[in-house]
Amino acid sequence: MAKDLTKQQDSDTLSTTQVLEEGVHHVNNPVLDLPEIVKNYLGPVTGYHQENNNYYFTDGGASVEVKVVSDEIIRVRLAPKGQFLEDFSYAVPQSDQHVAVYNFEEDQQAYRVKTNTVTCVIRKADFLIAFEDREGKEYNKDYSPMHWEENPDFGGYYVYCTKAAQANEAFYGLGDKPTNLNIRGKRFVNWNSDTYSFQFNQDPLYRSIPFYIGLHEGDAYGIFFDNTFKTYFDFAAEAHDQTSFWSEGGELQYYYIHGPHMMDVVKRYHSITGTHYLPPLWALGYHQCRWSYYPESKVRDLARNFRERNIPCDAIYLDIDYMDGYRCFTWNKRYFPDPKKMIKDLADDGFHTVVIIDPGIKVDENYWVFKEGKKNRYFCRRGDDYFMEGYVWPGRCQFPDFTNQEVREWWGGLFKGLVEAGVAGVWNDMNEPAVFGRGTFPNDVRHNFDGYRGSHRKAHNVYGMQMVRATYEGLKTLFQKKRPFTITRAAYAGTQRYASVWTGDNVATWEHLRLGALQLQRLSVSGMPFCGTDIGGFSGEPDAELFTRWIQFGVFSPFMRAHSAGDTAEREPWSFGPEHEALNRKFIELRYKLLPYIYSVFWEHSKYGFPILRPLTMVEQRLESNIPREEEFCFGDKLLVSPVLSPGQQHKTVYLPAGDWYYYWNDSRFEGGKEHEVKTPMDEMPIFVKAGTVLPEYPVMQHVYEKKIESLKLLVYHAVQETNSYMYEDHGDTFAYEQQIYLEKRFVVKGTSNSLKIKQFVDGLYSERYDTYDLHLVSLPFNVKRIVVDDKPAVAKQDSQGRYVVTVPKDFKNIIVT
Ligand code: GLC
């Protein structure tokens with residue numbers, strides 16, 4: 001009966017693309033008649049033609065497109081029967097960049113498509129494709145010609161690309177795979193999966209980011225396999241000299257992204273898939289979450305505790321219990337009789353309220369969201385036209401097809417009530433999509449795919465991305481001038497344009513803390529910069545030491561949120577007794593002090609596409625000895641941290657990249673290019689500041705807008721080598737920065753054994769929240785006799801740490817200390 005009620009007719013016709021992908025010729029089923037699965041390889045090249053910056057090569061049957069996307073990026077596509085699929089991608093909104101010059105050469109052996117930086121060589125005899133730099137150094141080449149086989153499941157193709165893996169080549173990327181940073185010797189599959197309490201080496205997890213970086217002899221390149229079907233990667237696992245990627249459907253389409261610097265590979269990957277928008281400043285503060293804080297009195301208690309105990313916090317989360325029977329966009333009025341008033345009171349006290357939303361909409365004829373979705377045919381349907389139904393938190397549910405623009409607009413608008421109630425951010429969960437019992441949707445579920453229709457095989461990995469896109473776009477419209485904050489569990493490449501991510505349901509163990517450090521570094525080099533773990537571990541019980549060490553790591557996680565499952569003991573920064581409360585406070589305060597630096601690093605990401613966390617290999621990619629150093633990383637380019645990831649650890653070996661470094665806690669100078677043994681008592685974790693840095697610090701605040709800053713503290717670290725530091729400032733939560741209403745400051749520091757010069761260059765239109773700087777001159781190798789600020793003498797005092805402190809106008813240009 002239920003099925004009859006939900007059945008609807010679909011009169012849409014199928015496109016050619018869909019016929020190719022979905023094998024609609026199943027009707028006559030030639031595929032099933034094949035005696036065995038045969039792999040077809042490209043044969044010798046028989047000809048080519050050019051259309052604008054696309055070159056087409058053929059072996060007489062199949063066609064290969066080589067497209068110059070930019071000087072450093074080349075896209076390759078394969079059409080096994082000569083017919084390309086529509087050029088549509090959720091990851092790459094616009095694949096045409098400005099290309100200055102490119103040219104084409106042909107000789108006896110090969111064709112060459114050349115930009116200023118890269119040459120794509122297509123060998124005539126065997127159709128092998130290689131990528132070289134200007135000097136002819138080969139970065140990446142095919143091991144065998146691209147190949148495909150008829151997909152017996154639906155008549156499309158399995159598509160394969162096998163590259164040569166060079167001896168000693170290391171591989172990075174692929175999103176949140178819970179394994180070592182270098183993924184050489186491993187195989188992976190991308191299929192977004194709800195993986196509660198996942199384990200080391202478990203695969204797949206929640207996200208699919210089919211992008212990797214190869215690093216060989218210090219030179220790096222990237223490959224982005226833009227295919228949303230279930231994809232596979234083998235990094236010299238089956239055969240030591242081959243790296244393969246393949247897919248169960250769709251098109252063999254990949255981008256070669258040139259380096260040679262890993263930082264540039266990531267930056268260029270972002271140039272096609274987009275960067276994370278600049279988050280509101282408050283989203284970079286500390287967030288407190290739990291499944292769940294309810295009723296209202298509990299939430300108010302939580303907030304009061306933070307303020308009474310002076311532990312900074314900017315966001316409180318409401319997990320699924322705030323809803324009425326887990327119906328999205330509703331409130332449980334018994335627990336939250338007046339949400340607007342509660343959220344307003346929290347906001348007056350400096351807390352932002354973030355609520356969870358799931359994709360499953362309860363089948364309930366008296367529930368307006370279900371009724372609207374049903375009436376407008378917004379829910380996903382199976383191949384036979386029945387609605388896709390599955391059980392999630394509310395019981396029997398149907399699921400919006402977020403790959404439909406109209407559905408996304410509807411979904412975005414549903415947030416109106418929550419936004420009017422004052423909600424500041426939305427947490428998008430269960431969007432792999434997760435379904436109790438069966439895991440996810442069956443493959444025959446149909447999706448609109450923005451007009452390029454396809455089954456769940458094609459849409460599964462982008463479902464969560466399109467859900468959070470709908471959420472983000474809806475909030476952006478509803479907030480008007482304010483920046484939304486969104487977080488998602490599932491993702492596909494490009495999701496960074498719409499949301500931050502967390503690593504899902506981890507466990508309160510030391511192994512998971514370490515895994516978190518690896519996952520966040522991996523997400524960062526895979527184009528997902530705003531990422532975090534559930535601090536403390538979602539399931540299980542951390543002890544005091546583990547929780548504090550996780551908070552310490554959290555200070556240097558781009559997204560800092562503590563979260564725990566409902567069946568665990570209370571898990572707030574004060575839950576482990578006064579001694580650990582003080583420690584946790586100290587480190588959450590550190591996060592708040594570092595905010596102007598952290599915000600500037602986010603700006604660099606947003607504007608230029610640089611990652612926020614940088615594994616040591618990325619910092620010094622020419623040193624093979626850095627490859628196994630997985631526990632330490634740089635946050636931006638000025639801070640190096642090595643979180644403590646083992647119980648009872650009293651000291652830690654930390655390698656510092658070349659150059660001088662200062663120990664954050666006591667200003668002592670360390671020489672880089674070698675290892676150091678660093679003490680790690682509970683109240684310290686290894687943090688080093690690069691010599692020459694100007695590190696801005698806010699005073700400790702309980703939330704980001706608590707205080708007017710009278711004078712901004714700038715820690716100036718002496719260096720002989722001229723060093724630039726950047727600081728970005730703006731309103732913190734509006735889009736005015738898109739109209740240049742911001743300040744980009746550049747500080748240039750240069751010292752000698754008896755002098756220090758500091759210059760400032762300011763660009764932009766914003767007015768700061770303070771009038772002066774307090775310069776703290778760290779570890780000067782001389783006693784100060786004179787300070788001249790823009791030709792006028794100034795007086796310095798010494799602070800408790802022996803640093804010279806001088807107050808200078810915020811618009812100073814030139815300071816000389818002798
Ligand atoms: C999922 C989420 C978790 C959340 C829970 C209840 O397990 O991963 O973070 O607390 O659902 O909504």
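Could you give the size of the charge dipole of the chain about its Cα centre, using +1 on the Cβ of each K and R and -1 on the Cβ of each D and E, expressed in debye and rounded to the nearest 20?
Values: 92 positive and 110 negative charges, 405 e Å.
Computed charge dipole of the chain: roughly 1940 debye.
Using the Karplus relation 6.51 cos²θ - 1.76 cosθ + 1.60 with θ = phi - 60°, the per-residue 3J(HN,Hα) values for region 440-448 come to 8, 6, x, 5, 7, 4, 9, 10, 5 Hz, with x marking Gly and Pro. For region 610-668, the C-alpha radius of gyration divided by 2.2 N^0.38 Å, with N the number of residues, is 1.16.
For region 235-367, compute Rh as the Kirkwood radius over C-alpha pairs and then the Stokes-Einstein diffusion coefficient at 4 °C and 1.567 mPa s; write the answer in µm²/s, rounded to an integer. Stokes-Einstein gives a translational diffusion coefficient of 67 µm²/s. The label-point distance for T653 and V784, in a model that sets each label 7 Å from Cα toward Cβ, rounds to 3.9 nm. Here the Debye sum runs over all C-alpha atoms of region 119-251 as equal scatterers in vacuum, and log10 of I(q)/I(0) at q = 0.13 Å⁻¹ comes out as -0.57. Taking every protein chain into account, the 1.4 Å probe leaves F211 with about 0 Å² of accessible area, to the nearest ten. Converting the Cα gyration tensor eigenvalues of region 460-501 into ellipsoid dimensions via √(5λ) gives semi-axes, longest first, of 19, 9, 7 Å. At a Förster radius of 51 Å, what calculated FRET efficiency corresponds to the Cβ-Cβ distance of D791 and W368, to the nearest 0.05? Calculated value: 0.15.
The Rg/Rh ratio of region 101-173, with Rg taken over Cα atoms and Rh as the Kirkwood radius over Cα pairs, comes to 1.07. DSSP finds beta bridges in region 343-447, and of those with both partners inside it, around 70 percent are antiparallel. When the charge dipole of region 470-624 is built from unit charges on Cβ atoms (+1 for Lys and Arg, -1 for Asp and Glu) and taken about the Cα centre, the candidate among Q496, F556, A582 whose Cα reaches farthest toward its positive end is Q496. Once all protein chains are placed together, T818 keeps about 60 Å² accessible to a 1.4 angstrom probe. The reciprocal of the average 1/r between distinct C-alpha atoms defines the Kirkwood hydrodynamic radius, which for region 248-299 equals 15.7 Å. Taking 0.890 mPa s as the viscosity and 25 °C as the temperature, the Stokes-Einstein diffusion coefficient of region 42-273 based on its alpha-carbon Kirkwood radius rounds to 137 µm²/s. Pairs of alpha carbons in region 388-430 separated by more than 14 Å make up 63% of all such pairs. Rolling a 1.4 Å probe over the protein chains gives E675 an accessible area of about 100 Å². Note on surface exposure: K163, K759, K137 rank K759, K137, K163 by accessible area, highest first, 1.4 Å probe.
Only DSSP H runs of four or more residues enter the estimate; each adds -39500 (n - 2.57), and after division by the residues of the chain the mean residue ellipticity at 222 nm equals -5500 deg cm²/dmol.
Counting only residues at least eight positions apart within a chain, or on another chain, the aspartates and glutamates with an alpha carbon under 12 Å from that of K267 are E72, E604. For the set K607/K797; K340/K607; K298/K375; K690/K813; K141/K458, the pairs lying more than 32 angstrom apart at their alpha carbons are K607/K797; K340/K607; K298/K375. Its residue count N fixes a reference of 2.2 N^0.38 Å for region 708-817, and the Cα radius of gyration divided by that reference is 1.12.
In order along region 90-95, the phi-based Karplus estimate (6.51 cos²θ - 1.76 cosθ + 1.60, θ = phi - 60°) of 3J(HN,Hα) comes to 6, 7, 10, x, 8, 9 Hz; Gly and Pro are listed as x. Computed on the chain, the Cα convex hull volume stands at 164 Å³ per residue.
The values are calculated or read from the model by the stated rules, or taken from the named source; none is laboratory data. This is a predicted model, so every value here is computed, not measured. When we count neighbours, we look across all protein chains shown, and the Cβ atoms used for this are built from the backbone with ideal geometry, even at glycine. Side chains are part of the model used for accessible areas, which takes the heavy atoms of the whole protein and leaves out ligands, DNA and RNA. Shrake-Rupley method; radii C 1.70, N 1.55, O 1.52, S 1.80 Å.
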